[in-house]
Every structure is written in structure tokens, then in C-alpha cells.
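**Student:** Before I ask anything, let me first share the structure, which is written out below as C-alpha cells.
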Amino acid sequence: MLVRWLLPLLWALSAQAHFFHLDSISNVSSYYFNYIYCNIWEGECQPNQEDATQQVPSRDLWAGFPQDYTSLLHQWYCSLGQCCESGDCRITNNITGLAWDLQTKLHGQHLAQSVVLKAIQGFINNPESNKPLTLSFHGWSGTGKNFVARIIADNLYRDGVKSECVRLFIAPFHFPHARLVDTYKGQLREAIRDMVLRCAQTLFIFDEAEKLHPGLIDAIKPYMDHYDNVDGVTYRRAIFLFLSNIGGATINDVALDFWHSGQNREDIGMEDLEHRLRTETMESQGGFAQSEMMSGHLIDFYVPFMPLEYRHVKLCARDAYAARGLETDEATLDEVAKAMLYLPKEERLFSAQGCKSIPQRINFFLP
């Protein structure tokens, strides 16, 4: 049985060997080495590459194969049990799981929980959407923007952020050199186009979006607009997430005002933040704010991430211990939470570090 499938496969590969270009293979392997290196996402990614061709994979490795050969390979792949009735097992769209994860794993972010679930569910349930879904996450570092992006990927795709249908771009890592912006434009357009052709539903995540050159966002602006297709390719089933620290001060001011007035944090609504977030984003410095995506009003939802309070930090610490399979108690959780920095200092209200550093912090409290 194995020979039956291996022979056609080897024949197809040998017959089309000239379609493999060494530069394409080099670009792809280089990219995925860097991707894996940064895949923890919370680690440090150093923009140390001078060669722009290694920043974004610019070609689909299988693009040179005629349709007959790719169909043969697809049939062989499905014979191994990797396909399902939905047509693409890579896409799971588990809205129930998304709702559960947002409710149980994300702490202190009632607005993000509500807006993200509403936006994703509405998009998934509307296959006739007239544009891609574009979300912009705003808030201090460590409040959960990357975490929510991973939750979305984990519930919409079988392999989460490692899926072939998900692409993470970290602005200062993948596009570090302003002088190479024209090169990046072409690479980014081609990378997005190739992935949309390869997957029926795609997710693109741009971390530290405020550091993107405006020309880069403008280069892909047509892909986020209300077009049936761009050069024969439809992008309407794509999801774009932009993560930035823009608006963090505004969100914190609103939260502090509510606290001073004796109102509950959970009483803060989108009406208190959305307009101010949009205005601050439009007026901020950097390529993200200056792009045509902003002036064209292509962002569907501005998602605020609130500063975390002491009680939320304790919940993060509890989850970090549980993730390591460790038991803990209230006293230990208090010790971990007290080790964090808070603002204002005299009131120790908002965590200045969010929950990002919690996994490293608990190392100091392990026996």
C-alpha cells in the first residue's frame, strides 16, 4: 500500500524538480527558523538581519507544480487521514471554546472578552461578509493583547498560532530597516496573497503595530477594504489583528476616573472608550496612525485592554502555577502579586507590568 502512494509521489517530485528554486527554499527555511525562535512571542526577537529577503517568505514552495500533481499529492495526504468532511481540517472555528477561554483564562478584561467574541462570532457566522475582519487591540504591555491573539488562533485553527493559515508579524523583527520598506512591501503583499490562496480562512497578526512603516500598511490596505477581489484574489475571509500600546494612557485614565468616583470597573463600557481610542490612534505618532487604513476607517473594532488590578494579578499567578502542575495557596499568590510594580505607587492600584512577567516571577517562590 505504501509503495502504491510513494511511487506517484516520487515521480511527481522528480518530474518537477526544476520548479524548486534554491532562493525560495532558503527564504522559507530562514523565515521559519526565525518564526520558531520568536514563537514563544514573549521572548526577545532581535532585528539582526540585514538581508531583507529573509524577513518574509515571498513564494509558495508548491506554486510551480501543475494542478494535476498537487491534486495527486492532496489525495495521498488525505489517504493518511489528514482530511475531513469540512474540506480543511486546519480550520476548526470553535466559537464555544473561544467563549470559554475568554471567560476563564482572560482576567480583568470584560470589554475585550465581549467585543472579541462578538466580532469573531459575527464574522464566522457570516460567510458573505463584504470585507475582511480587522481588529485593533490597544493597551499597556502585559494586559493580554498577545494572549487573546493566541486564544483566537487556538480556537479557530487546529494548530493554533503554528497553523499554516496563521501568520505572525512582529514589526521591529520582520521589518527592521526603514531603507528596505519598498522590498518589504512586495514581500508582505506576496506572503499574504500566497497564504490566502492556500487557506480558505486566514489570520494575520501584526504585533507592535505602532512601529510599522506607514507604507507597509498602505501596501496591504486594499486587502482589508470592501473589494470583491484584488487582482483576481478575494480576501474577504481573512482576519487582521493589529496589536499596539497606543491608547494605553487613555484607557488607564478612564479606569482611574471610575475608581476615584467609586464606580465599578465592570461599569466601564465601549461608549466610554471607543471614540477616545479612535481619536488618540489617529493623532498618535508612527506609521500605524498615518496609514490609509486609519483614514479609510477600515478598522471594524477598537478593543481596549484595561490595566490589571492586584486581584487580577493573583489570578494570573494562580494560572501560571496550574500550568506547571503545581499546587499553591493564597499566601503564596499574595507574595507573587506583591512582588509586582503598581501605579499609582501610593495606592498600588494598577499593575505596571501586567501579567506577562508572572511565569518568570514565580521561579523566585519555588522551593
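The rows are residues; the columns are (1) out of contact with any strand residue (DSSP E or B) (no Cβ under 8 Å at 6 or more places or on another chain); (2) of a type in the set (D, E, K, R); (3) at pLDDT below 95.
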{"site": "GLY232", "(1), (2), (3)": "yes, no, yes"}
{"site": "ASN245", "(1), (2), (3)": "no, no, yes"}
{"site": "ASP257", "(1), (2), (3)": "yes, yes, yes"}
{"site": "HIS260", "(1), (2), (3)": "yes, no, yes"}
{"site": "ASN264", "(1), (2), (3)": "yes, no, yes"}
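**Student:** Report whether or not PHE147 is under 15 Å from the mean Cα position of the chain (by Cα) and either assigned to a strand (DSSP E or B) or among the acidic types (Asp, Glu) (or both). Spell out how you get there, then give the answer.
**Tutor:** Values: under 15 Å from the mean Cα position of the chain (by Cα): yes; either assigned to a strand (DSSP E or B) or among the acidic types (Asp, Glu) (or both): no.
Spelling it out, it is not the case that PHE147 is under 15 Å from the mean Cα position of the chain (by Cα) and either assigned to a strand (DSSP E or B) or among the acidic types (Asp, Glu) (or both).
**Student:** Out of all the residues in the range 197-206, is one or more in contact with a Leu (Cβ under 7 Å, 6 or more places away or on another chain) and either open to solvent by 30 Å² or more (accessible area, probe 1.4 Å) or more than 18 Å from MET294 (Cβ to Cβ) (or both)?
**Tutor:** The answer is yes, given that some residue of the range 197-206 is in contact with a Leu (Cβ under 7 Å, 6 or more places away or on another chain) and either open to solvent by 30 Å² or more (accessible area, probe 1.4 Å) or more than 18 Å from MET294 (Cβ to Cβ) (or both).
**Student:** Among the candidates GLU274, GLU280, single out the residue that is of a type in the set (Asp, Glu) and under 22 Å from GLY122 (Cβ atoms).
**Tutor:** One residue alone meets the criteria, GLU274.
**Student:** Moving on to the next point. Looking at ILE124, is it of a type in the set (A, V, I, L, M), closer than 27 Å to ALA200 by Cβ, open to solvent by less than 10 Å² (accessible area, probe 1.4 Å) and modelled with pLDDT of 95 or more?
**Tutor:** Against the criterion (of a type in the set (A, V, I, L, M), closer than 27 Å to ALA200 by Cβ, open to solvent by less than 10 Å² (accessible area, probe 1.4 Å) and modelled with pLDDT of 95 or more), ILE124 does not qualify.
**Student:** What is the one condition in (1) within 23 Å of the chain's Cα centre (by Cα); (2) modelled with pLDDT under 85; (3) surrounded by 11 or more Cβ atoms within 10 Å (Cβ to Cβ); (4) part of a helix (DSSP H, G or I) that GLY354 does not satisfy?
**Tutor:** (4)
**Student:** Which of the residues spanning the range 233-267 are surrounded by fewer than 20 Cβ atoms within 10 Å (Cβ to Cβ), touching a Leu at 6+ places or on another chain (Cβ under 7 Å) and not in a helix (DSSP H, G or I)?
**Tutor:** Of everything in the range 233-267, just one residue is surrounded by fewer than 20 Cβ atoms within 10 Å (Cβ to Cβ), touching a Leu at 6+ places or on another chain (Cβ under 7 Å) and not in a helix (DSSP H, G or I), namely VAL233.
**Student:** Sticking with this one: Starting from the range 167-184, keep only residues that are of a type outside the set (Gly, Ala, Ser), then list their pairs with residues that are open to solvent by 40 Å² or more (accessible area, probe 1.4 Å) whose Cβ atoms are within a distance under 7 Å, requiring at least 6 positions of separation or different chains.
**Tutor:** Here the result reads ILE170/GLU208; PRO172/PRO47; PRO172/GLU208; PRO172/LYS211; PHE173/PRO47; PHE175/HIS213; PRO176/PRO47; VAL181/HIS213, each pair linking the range 167-184 to a residue that is open to solvent by 40 Å² or more (accessible area, probe 1.4 Å).
**Student:** Does at least one position in the range 279-291 carry a residue that is at pLDDT 90 or above, closer than 30 Å to LEU343 by Cβ and buried (at least 22 other Cβ atoms within 10 Å of the Cβ)? Reasoning before the result, please.
**Tutor:** From the range 279-291, those at pLDDT 90 or above are none; that's our starting set.
No, the range 279-291 has no match at all.
**Student:** Moving to a separate point now. Please enumerate the residues belonging to the range 127-158 that are among the hydrophobic types (A, V, I, L, M, F, W, C), open to solvent by 30 Å² or more (accessible area, probe 1.4 Å) and modelled with pLDDT of 95 or more.
**Tutor:** Start the filter on the range 127-158 by keeping residues that are among the hydrophobic types (A, V, I, L, M, F, W, C), which leaves 133, 135, 137, 140, 147-149, 151-153, 156.
From what is left, the residues that are open to solvent by 30 Å² or more (accessible area, probe 1.4 Å) are 140, 147.
Scanning the range 127-158 gives a single hit, PHE147.
**Student:** Let me ask another. What residue, of LEU315, LEU298, is part of a helix (DSSP H, G or I) and either on the phi < 0 side of the Ramachandran plot or modelled with pLDDT of 90 or more (or both)?
**Tutor:** LEU315
The values are calculated or read from the model by the stated rules, or taken from the named source; none is laboratory data. Not measured: the values here are computed from a predicted model. So basically every Cβ, Gly included, is an ideal-geometry build from the backbone, and we count neighbours across all protein chains shown. Surface accessibility is based on the protein's heavy atoms, side chains included, excluding ligands, DNA and RNA. Shrake-Rupley method; radii C 1.70, N 1.55, O 1.52, S 1.80 Å.
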